[in-house]
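Take this structure first; my questions come after.
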Amino acid sequence: MDCPRIDHFVKLHPPYLGGTVRLCCHMTNPPSFKDYEAMMGSDWVKSVRDTFKDNKFPKECIRCKVSEDANQHSIRLSAIEEHTKQYKSDYLVADIMLDNLCNLGCQFCSPMASSKIGAIISPSKYIIHDNTSHFEKLPLDRITQLDLAGGEPSYSKNIKNLLLNLPPNVNSLRINTNCTSYMDEIIPLLDKGFNISITISFDGVNKVQEYIRWPIKWDKFCSILNQYKELQLNYSNLNLSFWTTINAFNINDFTNIKSFSETMNIPLSYSLLQSPEPLNIKYKNHLTVKAKENIAVNDIFNSQLANDIDNQASLNNFITKQDSLRKIRISDYIN
């Protein structure tokens with residue numbers, strides 16, 4: 001058992017997380033390191049390798065374990081597939097967050113990753129994190145693929161500048177977007193033959209999406225999505241996919257999420273949210289218990305769904321705080 005990400009992946013985070021690099025963006029609570037060399041020489045990376053050699057998942061890899069236990073495709077399995085396509089033996093996939101500029105205040109996000117949330121919490125004192133200098137310290141000549149995260153890449157001037165000045169060996173891009181604006185900067189790259197994957201954050205249909213990814217508007221989301229669909233008709237090197245983070249707010253909308261994905265003919269992948277804790281579907285509350293009664297949902301998530309202590313009080317407190325911050329009411333979006 002193995003995961004190519006151990007030797008061929010780096011996640012670039014701003015310094016506020018206690019370091020600038022991590023081994024994988026999909027890990028749960030991995031340590032951070034000051035630079036790439038320090039991470040790869042660490043005892044921790046050795047222990048991750050050894051755990052995989054023992055045919056076990058490291059504790060940090062719980063999200064892939066859950067996906068594979070449910071017979072779903074995981075980030076690890078995708079990495080194994082992509083590994084065979086790489087032309088450079090020492091290739092590096094870099095998942096980078098150049099800044100926290102974002103136009104949405106999603107329910108499971110924070111000011112550190114979203115300037116929108118920072119602005120509503122502290123209008124005059126929120127911080128914009130610029131991480132470009134740390135990116136320039138990575139082994140840029142090894143990078144063959146860039147995964148662009150945020151913040152929101154389509155909202156970031158740093159990302160748009162990077163698209164005009166890519167490292168020399170980059171031949172593919174994966175861009176994670178909330179699909180609220182159209183990135184026409186990718187068209188010249190598509191014309192040059194770059195392989196580009198657009199991963200669209202999709203956490204519910206209509207009002208559910210509007211609540212979880214406030215203040216997104218469903219009609220605007222669909223309009224931008226259709227623009228990408230039209231672009232895909234002209235470029236075989238453009239791939240679209242949906243990514244859903246399963247949590248207490250959208251577990252009852254999962255069948256609608258799947259149906260919309262099928263209607264749009266866009267592949268759907270998903271994983272279970274681990275943080276913030278009140279939204280973890282393992283706890284019992286009025287949302288997860290309702291989902292447990294839905295045969296179609298329970299058939300997929302039965303081993304994870306509503307199988308732990310009752311957290312109704314903490315969920316209520318979380319909702320009250322979040323709604324107060326955004327000046328909205330969950331009852332206007334989710335029953």
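Out of the residues in region 61-94 that are among the charged types (D, E, K, R) and not in a loop (DSSP other than H, G, I, E, B), state the one that is nearest to T28 (Cα to Cα).
Only one residue fits best here, namely R63.
Filtering region 258-274 down to residues that are modelled with pLDDT under 95 and assigned to a loop (DSSP other than H, G, I, E, B), which residue is nearest to G204 (Cα to Cα)?
Looking only at region 258-274, we keep the residues that are modelled with pLDDT under 95, and these are 269-274.
Now drop any that are not assigned to a loop (DSSP other than H, G, I, E, B), which leaves 273-274.
Values: L273: 14, Q274: 18 Å.
Per the stated criteria, the residue is L273.
Now a separate question. State which residue pairs qualify: first residue assigned to a helix (DSSP H, G or I) and inside region 44-60, second residue at pLDDT below 95 and of a type in the set (V, I, T) in any location, beta carbons under 9 Å apart, and separation of 6 or more residues or different chains.
Short answer, once both residue conditions are applied: K59/T28; E60/T28.
I've got another one for you. Is it the case that region 218-225 has a residue that's among the small types (G, A, S), surrounded by 15 or more Cβ atoms within 10 Å (Cβ to Cβ) and within 15 Å of C179 (Cα to Cα)?
No.
Among the residues of region 1-18, write down those that are modelled with pLDDT under 95, surrounded by 18 or more Cβ atoms within 10 Å (Cβ to Cβ) and in a loop (DSSP other than H, G, I, E, B).
Listed by number, the residues that qualify are H13, P14.
For region 226-269, name all the residues that are among the polar types (S, T, N, Q), on the phi < 0 side of the Ramachandran plot and more than 19 Å from the chain's Cα centre (by Cα).
N226, Q227, Q232, N234, S236, N237, N252, T255, N256, S259, T263
Can I ask one more? If you take the residues of region 283-306 that are within 19 Å of E68 (Cβ to Cβ) and out of contact with any strand residue (DSSP E or B) (no Cβ under 8 Å at 6 or more places or on another chain), which of them is surrounded by the most Cβ atoms within 10 Å (Cβ to Cβ)?
Among those residues, the one meeting the criterion is L305.
Return the residues of region 30-43 that are hydrophobic (A, V, I, L, M, F, W, C) and either at positive phi or not in a helix (DSSP H, G or I) (or both); say none if nothing qualifies. Let's see the steps before the verdict.
Initially, region 30-43 is screened for residues hydrophobic (A, V, I, L, M, F, W, C), giving 33, 38-40.
The answer is F33, and nothing else.
Next question. Within region 184-201, can you find the residues that are under 28 Å from A79 (Cβ atoms) and either outside any helix (DSSP H, G or I) or among the basic types (K, R) (or both)?
Answer for region 184-201, where residues must be under 28 Å from A79 (Cβ atoms) and either outside any helix (DSSP H, G or I) or among the basic types (K, R) (or both): E185, K192, G193, F194, N195, I196, S197, I198, T199, I200, S201.
Would you confirm whether or not region 202-223 contains a residue that is modelled with pLDDT of 95 or more, in a helix (DSSP H, G or I), over 18 Å from N256 (Cβ atoms) and of a type in the set (A, V, I, L, M)?
No, region 202-223 contains no residue that is modelled with pLDDT of 95 or more, in a helix (DSSP H, G or I), over 18 Å from N256 (Cβ atoms) and of a type in the set (A, V, I, L, M).
Consider only pairs whose beta carbons are under 6 Å apart and that are at least six residues apart or on different chains; among these, list those whose first residue lies in region 168-183 and is crowded, with 21+ Cβ neighbours inside 10 Å and whose second residue is in a loop (DSSP other than H, G, I, E, B).
Pairs found: N178/L104; N178/E152.
I'd like to know if region 275-284 contains one or more residues that are of a type in the set (A, V, I, L, M), within 14 Å of F254 (Cα to Cα) and part of a loop (DSSP other than H, G, I, E, B).
Checked region 275-284: at least one residue is of a type in the set (A, V, I, L, M), within 14 Å of F254 (Cα to Cα) and part of a loop (DSSP other than H, G, I, E, B).
Rundown of residues vs (1) within 21 Å of Y228 (Cα to Cα); (2) at pLDDT 95 or above; (3) assigned to a loop (DSSP other than H, G, I, E, B), yes/no style:
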residue	(1), (2), (3)
I128	no, no, yes
H134	no, no, no
L162	yes, yes, no
L166	no, yes, yes
Y182	yes, yes, yes
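Turning to a different aspect of this structure: If I ask for residues that are free of Cβ contacts under 8 Å to residues at least 60 places away in the same chain and surrounded by fewer than 22 Cβ atoms within 10 Å (Cβ to Cβ), which ones from region 202-217 would you list?
V205, N206, K217
For residues in region 307-334 being touching a residue at least 40 places away in the same chain (Cβ under 8 Å) and over 22 Å from S271 (Cα atoms), which is surrounded by the fewest Cβ atoms within 10 Å (Cβ to Cβ)?
Among residues in region 307-334 that are touching a residue at least 40 places away in the same chain (Cβ under 8 Å) and over 22 Å from S271 (Cα atoms), the one surrounded by the fewest Cβ atoms within 10 Å (Cβ to Cβ) is D332.
Across region 77-104, which residue is surrounded by the fewest Cβ atoms within 10 Å (Cβ to Cβ) among those that are closer than 24 Å to S201 by Cα and acidic (D, E)?
Among residues in region 77-104 that are closer than 24 Å to S201 by Cα and acidic (D, E), the one surrounded by the fewest Cβ atoms within 10 Å (Cβ to Cβ) is E81.
What tally of residues in region 257-280 results from selecting those that are surrounded by 15 or more Cβ atoms within 10 Å (Cβ to Cβ) and either charged (D, E, K, R) or over 18 Å from H26 (Cβ atoms) (or both)?
7
The values are calculated or read from the model by the stated rules, or taken from the named source; none is laboratory data. Small disclaimer: the values here were computed from a predicted structure and weren't measured. With ideal geometry, Cβ positions are generated from the backbone for all residues, glycine too; neighbour counts draw on all protein chains shown.
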